[in-house]
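Take a look at the structure below.
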Amino acid sequence: MPTRIFVNLPVKDLETSTSFFGKLGYSFNPQFSDERTGCLVISDTIFAMILEESRFKDFTPKEVADASKSTEVILALGVESREKVDEIADAALTSGGFPASEAIDHGFMYSRSFQDPDHHIWEVVWMDPAAVEAQD
């Protein structure tokens, strides 16, 4: 079995978050979702567990960071094309997300960033496969 990653993110309103990510084209696994938790399926091996803050607190004695004021992590997603970068970032910004930074275009690498409704930062990145092979 390949290694899977389950990123856990606190959210203020589960319905708002599930609606937002649904508009970006993502689905949720009902087996790992309930009234306080949504299992966002990013790929066959990558999932984001979006948990209402009260549920998130069940997993840590630490204070939950306010992502609108501080950043603990930037979630980067590699996609297959520049067009897919724009598709996801544009959908995020028209579906309740917020800008995070300007687009970065190095020719061989292109990325755009956005903040979800809870201000977690997501970066969508495309890298030219030929440029990646040249690095090997």
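The values are calculated or read from the model by the stated rules, or taken from the named source; none is laboratory data. Nothing here was measured: the structure is a model prediction, and the numbers come from that model. Methodologically, a virtual Cβ is constructed for each residue, glycine included, from the backbone with ideal geometry; neighbour enumeration extends over all protein chains shown.
Only residues that are part of a loop (DSSP other than H, G, I, E, B), loosely packed, with under 15 Cβ neighbours inside 10 Å and among the hydroxyl-bearing types (Ser, Thr, Tyr): list them for the stretch 59-102, please. Answer for the stretch 59-102, where residues must be part of a loop (DSSP other than H, G, I, E, B), loosely packed, with under 15 Cβ neighbours inside 10 Å and among the hydroxyl-bearing types (Ser, Thr, Tyr): 60, 68, 70, 71, 81.
Listed conditions (1) farther than 16 Å from residue 72 by Cα; (2) outside any strand (DSSP E or B) are all met by residue 124, apart from (2).
With (1) within 16 Å of the chain's Cα centre (by Cα); (2) surrounded by 12 or more Cβ atoms within 10 Å (Cβ to Cβ) as the list, and residue 56 as the residue in question, which single condition is left unmet? Of (1) within 16 Å of the chain's Cα centre (by Cα); (2) surrounded by 12 or more Cβ atoms within 10 Å (Cβ to Cβ), only one is false for residue 56: (1). Residues in the stretch 1-17 that are loosely packed, with under 14 Cβ neighbours inside 10 Å, within 14 Å of the chain's Cα centre (by Cα) and not aromatic (Phe, Trp, Tyr): 5 alone.
When residue 131 is tested against (1) in contact with a strand residue (DSSP E or B) (Cβ under 9 Å, 6 or more places away or on another chain); (2) at pLDDT below 95; (3) closer than 24 Å to residue 4 by Cβ, just one condition goes unmet, and that condition is (3).
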